[in-house]
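First comes the structure, then the notes that go with it.
The values are calculated or read from the model by the stated rules, or taken from the named source; none is laboratory data. Just so it is clear, the structure is predicted and the values come from calculations on it, not from any experiment. Backbone-built Cβ (ideal geometry, glycine too); neighbour counts: all protein chains shown.
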Amino acid sequence: NAGVTQTPKFQVLKTGQSMTLQCAQDMNHNSMYWYRQDPGMGLRLIYYSASEGTTDKGEVPNGYNVSRLNKREFSLRLESAAPSQTSVYFCASSESWVGSFQSSYEQYFGPGTRLTVT
Amino acid sequence: KNQVEQSPQSLIILEGKNCTLQCNYTVSPFSNLRWYKQDTGRGPVSLTIMTFSENTKSNGRYTATLDADTKQSSLHITASQLSDSASYICVVSPSGGYNKLIFGAGTRLAVHP
């Protein structure tokens, strides 16, 4: 039982290049999330998928796209990387959407991808 | 604007000592408040989740308290260990309508021998 896995662990891109961050979970969770974490700031939600087949924008979606490939996998794509996207990216999952009323679902995080855009 | 502010930003304590981390929030109304531990280079791991009606919850040497009237929470760590060195993040979930978790910037704790 690996929990939430992310690939790659590290990536360096040049401005304008594209890439896809992969995330998979083996806990049969319905909801999955992508966050970014910048120094001195709290994690910010980029996109989420409350259930298989649905995706929605979070707080900072500009410059990103997502695909919920199946119940296990949720990918994040940067179409044209910019230096402002240098960050650590975390994927997370939960049994159901943590934003639902009085939800106390545990959210499980992957190990992160450290992305540098030069 | 809904905010979650944590203090102190960083803290150094000696192994075996106790410490208390603070979280003040302006999110209202809210559904629940969470504390996470994040080791360097790793993802956050949940320590406690408290609903608005709970005022204390423990997880081993970690005890979280919540005062919904003053909109304050604290995380108390008892008999600290070197492995407690990490960032501790307070997260509040608003209730009603479109919801997302609002993360504080964290308190970085260093436990020295």
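If you filter the range A:1-46 down to residues that are of a type in the set (K, R) and surrounded by 16 or more Cβ atoms within 10 Å (Cβ to Cβ), you find that the one that is modelled with the highest pLDDT is A:R36.
On the stretch given as the range B:2-54, residues that are of a type in the set (V, I, T), under 11 Å from the mean Cα position of the chain (by Cα) and more than 11 Å from chain A (Cβ to nearest Cβ) total 1.
Within the range A:1-33, the set of residues being within 12 Å of chain B (Cβ to nearest Cβ) and either free of Cβ contacts under 8 Å to residues at least 60 places away in the same chain or within 12 Å of A:L115 (Cβ to Cβ) (or both) comprises A:Q6, A:K9, A:F10.
Return the residues of the range A:34-86 that are assigned to a loop (DSSP other than H, G, I, E, B), within 26 Å of B:Y88 (Cβ to Cβ) and touching a residue at least 24 places away in the same chain (Cβ under 8 Å); say none if nothing qualifies. First the steps, then the outcome.
As a first pass, look at the range A:34-86 and keep what is assigned to a loop (DSSP other than H, G, I, E, B): A:38-43, A:50-55, A:58-63, A:69-72, A:79-82, A:86.
Those left that are additionally within 26 Å of B:Y88 (Cβ to Cβ): A:38-43, A:58-60, A:86.
Listed by number, the residues that qualify are A:D38, A:L43, A:G58, A:V60, A:T86.
Within the range B:1-10, can you find the residues that are touching a Cys at 6+ places or on another chain (Cβ under 6 Å) and modelled with pLDDT of 95 or more? Hit for the range B:1-10 is B:Q6, nothing else. Elements of the type strands (runs of 3 or more DSSP E) sitting completely within the range B:14-81 and holding at least 1 residues that are in contact with a Phe, Trp or Tyr (Cβ under 9 Å, 6 or more places away or on another chain) and of a type in the set (A, V, I, L, M): these cover B:19-25, B:30-38, B:45-51, B:62-67, B:72-77. If you check A:R68 against the conditions, is it out of contact with any His (no Cβ under 7 Å at 6 or more places or on another chain) and either among the hydrophobic types (A, V, I, L, M, F, W, C) or more than 9 Å from chain B (Cβ to nearest Cβ) (or both)? Criteria met by A:R68.
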